[in-house]
Amino acid sequence: MRFDRVLWVHVVVLLGLALLVAHDSHAEGVDAPEHRVEPAPARRAELINMVRQDCGSCHGLTLNGGLGPALLPETLAGKSDDELVFTVMRGRAGTAMAGWSRFVNDAEAEWIVARLKDGFPPVATHVEAIR
Ligand code: HEC
């Protein structure tokens, strides 16, 4: 069971990397200095909607807290990026916070955490992102 889960995470991460490589070859190469990889625009739109809708169901539609704590720049300031990314990917044992590694890869989780710390963008219809 544990082995299956580890294997599954590896498969997802590898698939994610393959997708990123594929995307990169025809992305316009926006390279924000603070992240390793910037998801492609259409993927950014999906991630924004996922955070607003799925994460928002617990963290609040405006991310100002609900069942889960607020995910606002002022509440996340000073917390380690690595720990926050780990929480997004693996969840927190014994709490309602599940891991999202089936849905996002490490680079995407890093991008989400960086955006949360900056002030999360509005829903993707407002973003230049949709193809
Ligand atoms: C089912 C409810 C639920 C959903 C859905 C959920 N979370 Fe959480 N999240 C929580 C709870 C509860 C905690 C606090 C866990 C604890 O007590 O440490 C938490 C903690 C966190 C933390 C750590 C915050 C801190 O200040 O340390 C981050 C970051 C986070 N969640 C991000 C996300 C993201 C991103 C998503 C969507 C991909 C998400 N969460 C979806 C319930 C949820």
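Quick note: the coordinates plus some simple rules give every number you see, no bench work behind them. Just so it is clear, the model here is predicted, and its values are computed rather than measured. Cβ sites come from the backbone with ideal geometry, for glycine too, and all protein chains shown count toward neighbours.
With viscosity set to 1.567 mPa s at 4 °C, what whole-number translational diffusion coefficient in µm²/s follows for the stretch 38-90 from Stokes-Einstein and a Kirkwood radius over Cα pairs?
Translational diffusion coefficient: 109 µm²/s.
Along the Cα→Cβ direction, 7 angstrom out, place labels at residue 49 and residue 61. What is the inter-label distance in nm?
1.7
Rounding to the nearest 20 debye, state how big the charge dipole of the stretch 38-130 is about its Cα centre with +1 on each Lys and Arg Cβ and -1 on each Asp and Glu Cβ.
Numbers: 9 positive and 12 negative charges, 57 e Å.
About 280 debye.
Please list the non-local residues whose amide H lies under 5 Å from the amide H of residue 91, H modeled 1.01 Å from N, same-chain partners needing a gap of 5 or more.
Placed amide hydrogens put 99, 100 under 5 Å from residue 91.
Taking neighbour counts of Cβ atoms within 10 Å as a proxy for exposure, in what order, fewest first, do 111, 100 appear? The partial results should precede the final answer.
Working: 111 23, 100 20.
Final ranking by Cβ density, sparse to dense: 100, 111.
In nm², what is the average projected area of the convex hull enclosing the Cα atoms of the stretch 38-130? Before the final figure, lay out the partial values.
Values: hull surface 22.2 nm².
In nm², the orientation-averaged hull projection of the stretch 38-130 is 5.5.
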